[in-house]
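Trainee: Here it is, the structure, as C-alpha cells.
Computed from the coordinates by the stated procedures, all read-outs in this text should not be read as laboratory data. Everything numeric here is computed off the predicted structure, so don't read it as measured data. Please note: Cβ atoms are built from the backbone with ideal geometry, for glycine as well, and neighbour counts cover all protein chains shown.
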Amino acid sequence: SAVISQKPSRDICQRGTSLTIQCQVDSQVTMMFWYRQQPGQSLTLIATANQGSEATYESGFVIDKFPISRPNLTFSTLTVSNMSPEDSSIYLCSGGQGFDNEQFFGPGTRLTVL
Amino acid sequence: QKEVEQNSGPLSVPEGAIASLNCTYSDRVSQSFFWYRQYSGKSPELIMSIYSNGDKEDGRFTAQLNKASQYVSLLIRDSQPSDSATYLCAVRGSQGNLIFGKGTKLSVKP
C-alpha cells in the first residue's frame, strides 16, 4: 500500500486568500485524486490529477477555483483560490497504482475560512 | 451518474455481536467495490476490496457481493468497541476514482 502525506494538516485562512495543499506519495502511483469532505458528509471528488497534463474536474468544480498540479507520479498540489467560508472543509488526496487497484488516502487537510 | 446508497444509522450492536452493514449501487456494470472505515477526525482507511460475486473474508471482516442484486455488504464478527466508526461503501468510477455512499455510523457498546 502507498503511504500518503499532506501538508498542511490544518489551516485557518481569511476570506479572499488562497491556500495550496501538498500531497506526497512514498511510491509512484498512476492515479491521484482530490476529494472534499464537508462537515458530517461523505467524500466528493473534486478532480483527477493527471501527470503532465491538466486535471479532469467533476461537475461543480472549476480550474480557476481549484487549480491542480501534478508534475510527477509521486506529488500533487491543490490550490483553493479566493476562499469563502463555504470552502471550509477537509481536503483529501488519494492515490492508487492502477485504474482498478485499491486507493489509499492521505490524512487530510482541515481548512477553516473566516 | 453512479450512486451508492447506505443506511446512515447509527447502527448499535453489543460487544461480541455481528455487525452487518449494507450498500446498494445504481450502475449495473460496476465491477469494483470497497469498504473504508473512518474514525472521527481521521481519513478513510481501506478495510476490504471485492470484485467477484460471493464472499471475501479477512480476519473478522467478510465482504459479500451480489452483482445481480447490486448489493454489497460488510459483516464484522466479534464486534469490539474499537470498531465504532463510520463505514463507507465505495464503487469505482469511470475515471478510476471512488464514488462513496454517505456512510453508516456503527456504535459497538461494551
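Trainee: Counting residues that are of a type in the set (Gly, Ala, Ser) and crowded, with 17+ Cβ neighbours inside 10 Å, which strands (runs of 3 or more DSSP E) fully inside region B:4-110 reach at least 2?
Mentor: Per the criteria, B:85-92.
Trainee: Would you pick out the residues in region A:13-54 that are among the small types (Gly, Ala, Ser) and more than 11 Å from the chain's Cα centre (by Cα)?
Mentor: A:Gly16, A:Ser18, A:Ser27, A:Gly40, A:Ser42, A:Gly52, A:Ser53
Trainee: Now, a different point. Can you find even one residue in region B:32-45 that is within 11 Å of chain A (Cβ to nearest Cβ), in contact with a Ser or Thr (Cβ under 6 Å, 6 or more places away or on another chain) and of a type outside the set (Phe, Trp, Tyr)?
Mentor: Scanning region B:32-45, I find at least one residue that is within 11 Å of chain A (Cβ to nearest Cβ), in contact with a Ser or Thr (Cβ under 6 Å, 6 or more places away or on another chain) and of a type outside the set (Phe, Trp, Tyr), so the answer is yes.
Trainee: Now a separate question. Of everything in region A:17-40, what is outside any strand (DSSP E or B), touching a residue at least 40 places away in the same chain (Cβ under 8 Å) and within 19 Å of A:Ser89 (Cα to Cα)? Give them in sequence order.
Mentor: A:Thr17, A:Ser18, A:Gln38, A:Pro39
Trainee: Still on this structure, please answer the following. Among the candidates A:Ser84, A:Ser5, which residue alone is surrounded by fewer than 17 Cβ atoms within 10 Å (Cβ to Cβ), in contact (Cβ under 8 Å) with a residue 60 or more places away in the chain and within 12 Å of chain B (Cβ to nearest Cβ)?
Mentor: None of the others qualify; the one that does is A:Ser5.
Trainee: Taking region A:41-54 on its own, how many of its residues are more than 9 Å from every other protein chain (Cβ to nearest Cβ) and outside any strand (DSSP E or B)?
Mentor: Here the count works out to 5.
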